[in-house]
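Okay, so here's the structure we're looking at.
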There are 2 protein chains.
Amino acid sequence: MKKGHQVTMKEIAKKLGVSVSTVSRALKDSPELHEETKKRIVELAKEMNYQPNLLAQSLRISKTKTLGVIVPEITSHFFASCISGIQDGANRRGYNVMICQSNESIELEMSNIKTLVASQVDALLISLSRETNHYEHLDDLYQREIPFVLFDRVYEVMPVTKVTFNDQGGAYQVTKHLLETGCRRVMYVSGPEDLYISKKRKEGYTQALEEFGIKPDPKLIKVTDLTLEKNIEVAQEIIDMDERPDGVFCMIDPVAVDVLTHWKSQGIKVPEDMALAGFTNNPTSAVVEPPLTTVSQPGYEMGKLAVNHLLDQLEGLASDEPISIVLETTLVPRKSTRINS
Amino acid sequence: MKKGHQVTMKEIAKKLGVSVSTVSRALKDSPELHEETKKRIVELAKEMNYQPNLLAQSLRISKTKTLGVIVPEITSHFFASCISGIQDGANRRGYNVMICQSNESIELEMSNIKTLVASQVDALLISLSRETNHYEHLDDLYQREIPFVLFDRVYEVMPVTKVTFNDQGGAYQVTKHLLETGCRRVMYVSGPEDLYISKKRKEGYTQALEEFGIKPDPKLIKVTDLTLEKNIEVAQEIIDMDERPDGVFCMIDPVAVDVLTHWKSQGIKVPEDMALAGFTNNPTSAVVEPPLTTVSQPGYEMGKLAVNHLLDQLEGLASDEPISIVLETTLVPRKSTRINS
DNA sequence: ATGAAAGCGCTAACAA
DNA sequence: TTGTTAGCGCTTTCAT
């Protein structure tokens with residue numbers, strides 16, 4: 001399959017009997033040109049449907065006006081929202097975006113970085129894979145002074161700009177909500193314990209308990225690997241407990257949805273038997289029965305903020321000093337938690 | 001924010017006292033080199049962490065090994081799945097992918113095409129925006145011999161490769177299912193009538209009715225613009241009908257979910273009062289109460305097929321003749337339709 | 001087996 | 001006001 005020919009400056013120049021530089025100047029509206037020539041060139045360019053070759057341009061000025069984005073999973077609604085925010089923010093400022101997904105694999109994450117760097121992206125926005133537990137590839141970027149920011153799934157000690165949610169605060173809010181609506185034995189269903197968000201949300205959970213004078217009970221913490229099977233296993237374990245909790249806070253909505261589904265199949269009533277809450281505000285959480293109390297994390301905003309700050313830095317509008325941007329979350333109370341009065 | 005320096009062939013050449021061409025040859029493992037020189041070069045390159053500048057390479061060989069993708073909405077689960085399939089397929093064959101979303105706007109669609117073409121992508125995969133009702137921008141691509149395929153939202157008469165689902169077949173399946181489970185007054189809730197899928201699914205709906213000897217009744221067709229408000233309005237109109245349908249097939253899941261939610265709030269029981277079915281098999285359709293009967297469209301497969309055929313064409317493994325690939329859908333019966341026996 | 005040179009399409013310093 | 005020249009990093013003939 002052949003590819004059609006693209007009009008170049010050279011051709012325009014030849015047709016008009018001027019030099020390529022004149023064409024170049026005319027096309028970027030340089031003031032030092034004769035109005036007449038400029039007009040002729042611009043008109044012919046339009047007529048011939050000239051499109052600049054961004055490749056050549058980038059090579060020449062060593063800037064691609066392209067950003068690389070790496071997310072763990074494009075099909076996750078949250079990350080899709082982030083991407084959407086990044087795209088919109090980038091486009092508005094004349095930048096393009098190359099998106100890669102790591103599929104939660106550190107290998108792919110590293111190879112994604114490699115190709116994006118080879119493609120000469122001006123900077124990167126990265127959300128780390130679940131598997132990522134060593135950070136040479138990030139160190140390498142840092143070493144080579146390739147600008148990047150981390151968002152949502154960050155490596156805390158990396159001295160670059162990081163954009164995160166106040167996970168602890170969100171977990172605090174939702175746990176407090178459970179306590180305020182009458183729960184006294186609140187359980188936390190955590191994801192893998194080395195995950196940043198697992199830890200942070202646990203901290204918020206503990207904080208709320210302590211504020212209510214409740215001593216955290218290790219029996220009231222369960223861990224899932226986030227697979228459907230394990231989620232169901234955990235759901236069943238909760239049913240089987242001698243002393244069941246009266247409220248359960250799951251680290252992310254999908255876990256809560258799986259738990260809910262299993263419970264319903266086992267005749268457990270939510271919130272009457274046990275209250276249930278999630279985190280993230282996925283679309284599904286709103287449509288399950290009963291609708292799930294959760295914590296909303298605006299991914300679109302996160303993406304937009306991250307890209308805007310990155311571009312501010314790139315373009316010298318903001319200091320290069322790495323900063324940490326923390327977005328607040330909001331509690332979304334729904335029927336899966338008791339509306340006590 | 002400055003960007004770090006990248007090692008070039010020139011530097012390697014200088015360090016080793018050889019020419020750039022020799023380095024180039026060594027790095028692509030040309031057979032006509034002295035083994036010894038080759039080894040020295042390759043080793044030094046690795047040591048210096050040399051990464052080829054894809055920009056320069058692309059400019060030279062006029063191939064970027066990059067594909068452009070345009071989807072209406074990245075946050076839609078279906079399109080995210082398509083993208084995922086496209087990415088995986090492309091990466092496996094050494095290609096990168098630049099993704100854009102049109103936000104269902106023809107303006108953005110056109111400008112996306114423009115930037116992708118300017119970025120010299122080797123080919124495009126496009127799913128048209130809802131707004132797209134004229135096609136000069138596609139004609140233009142065609143004229144300029146820039147390879148592209150259309151997927152899911154296609155322009156039927158365009159002589160390029162198109163990948164679609166058997167929408168008519170899917171609609172037929174689900175309507176037939178409604179009829180087989182006892183419905184006799186089956187309604188079709190359509191999206192905007194100029195949409196390709198609105199039409200195709202209506203055809204399948206009509207076909208099933210006719211097969212059951214039922215004459216299509218214009219009163220049993222309603223149209224929504226797919227907004228929440230209009231969906232609810234339609235849901236209420238159905239409730240208010242003198243002669244209600246006993247089964248409703250909505251063109252896409254989100255509509256069905258909105259209808260279901262509204263009905264539940266009005267005390268309508270599904271499927272007892274009316275059966276309900278959707279199309280697409282969105283994640284939400286599985287978790288609503290009752291779970292929604294729907295038709296599954298594997299987006300990942302669609303993306304993979306589309307990209308593989310495109311690359312086959314690009315690389316001469318398949319004929320350039322445009323073909324039409326039609327994927328079959330599968331009925332996913334759930335509790336929102338009566339399980340009659 | 002290796003090097004010199006040209007050129008991909010563009011920009012920009014320097015000349016004129 | 002415009003042209004000439006060099007060069008971004010790479011590949012690829014053509015010499016040697």
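Structure values in brief
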item: Options B:His34, B:His5, B:His77; residue that is over 30 Å from B:Thr284 (Cβ atoms) and more than 13 Å from DNA strand C (Cβ to nearest atom); result: B:His5
item: Counted residues, the range B:1-16 - those being surrounded by fewer than 15 Cβ atoms within 10 Å (Cβ to Cβ) and assigned to a loop (DSSP other than H, G, I, E, B); result: 3
item: Any pair with Cβ under 8 angstrom, 6 or more apart, that starts in the range B:100-116 at a residue that is more than 10 Å from every other protein chain (Cβ to nearest Cβ) and ends at one that is in a strand (DSSP E or B); result: B:Ser102/B:Ile70; B:Ser102/B:Val71; B:Glu109/B:Ile70; B:Glu109/B:Ile126; B:Ile113/B:Gly68; B:Ile113/B:Ile70; B:Ile113/B:Leu124; B:Ile113/B:Ile126
item: Output for the range A:14-27, where each listed residue is within 9 Å of DNA strand C (Cβ to nearest atom) and under 13 Å from A:Glu43 (Cα atoms); result: A:Val23, A:Leu27
item: Residues that are within 21 Å of A:Thr66 (Cβ to Cβ), of a type in the set (A, V, I, L, M) and either more than 10 Å from every other protein chain (Cβ to nearest Cβ) or part of a loop (DSSP other than H, G, I, E, B) (or both), drawn from the range B:43-63; result: B:Ile61
item: Filtered residues of the range A:155-197 (kept if farther than 21 Å from A:Lys222 by Cβ, open to solvent by less than 20 Å² (accessible area, probe 1.4 Å) and not in a loop (DSSP other than H, G, I, E, B)); result: A:Val163, A:Thr164, A:Phe165, A:Gly169
item: When residues of the range B:198-226 are limited to those that are at pLDDT below 95 and touching a Ser or Thr at 6+ places or on another chain (Cβ under 7 Å), the one most open to solvent (accessible area, probe 1.4 Å); result: B:Pro216
item: Matching residues in the range B:290-306 - criterion: being modelled with pLDDT under 95 and buried (at least 19 other Cβ atoms within 10 Å of the Cβ); result: none
item: Extreme residue, most open to solvent (accessible area, probe 1.4 Å), among residues of the range B:53-67 that are closer than 18 Å to B:Arg93 by Cβ and within 13 Å of DNA strand C (Cβ to nearest atom); result: B:Lys63
item: Residues that are open to solvent by less than 30 Å² (accessible area, probe 1.4 Å), farther than 23 Å from B:Lys162 by Cα and in contact with a helix residue (DSSP H, G or I) (Cβ under 7 Å, 6 or more places away or on another chain), drawn from the range B:263-281; result: B:Trp263, B:Ile268, B:Val270, B:Ala275, B:Leu276, B:Ala277, B:Gly278
item: Restricting the range A:125-154 to residues that are outside any strand (DSSP E or B), touching a Lys or Arg at 6+ places or on another chain (Cβ under 8 Å) and within 12 Å of chain B (Cβ to nearest Cβ), the residue that is most open to solvent (accessible area, probe 1.4 Å); result: A:Glu145
item: Within the range A:64-99, tally of residues that are of a type in the set (A, V, I, L, M) and more than 8 Å from every other protein chain (Cβ to nearest Cβ); result: 6
item: Flag for A:Gln87 being within 16 Å of DNA strand C (Cβ to nearest atom) and either under 27 Å from B:Gln143 (Cβ atoms) or open to solvent by less than 20 Å² (accessible area, probe 1.4 Å) (or both); result: no
item: Any hit, the range B:276-284, residues being more than 17 Å from B:Ile252 (Cα to Cα) and part of a loop (DSSP other than H, G, I, E, B); result: no
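For (1) in the same structural domain as B:Val149 (by TED's automatic domain parsing); (2) more than 8 Å from DNA strand D (Cβ to nearest atom); (3) open to solvent by less than 20 Å² (accessible area, probe 1.4 Å), each residue gets a yes or a no:
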| residue | (1), (2), (3) |
| --- | --- |
| B:Val18 | no, yes, no |
| B:Ser21 | no, no, no |
| B:Lys28 | no, no, no |
| B:Pro31 | no, yes, no |
| B:Val42 | no, yes, no |
| B:Cys82 | yes, yes, yes |
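The values are calculated or read from the model by the stated rules, or taken from the named source; none is laboratory data. This structure is a prediction, so every number in the text was calculated from the model and none was measured. Every residue, glycine as well, gets a Cβ built from its backbone with ideal geometry; the counts of neighbours run over all protein chains shown. Just so you know, the surface numbers come from the protein's heavy atoms only, side chains and all, with ligands and any DNA or RNA stripped out. Shrake-Rupley method; radii C 1.70, N 1.55, O 1.52, S 1.80 Å.
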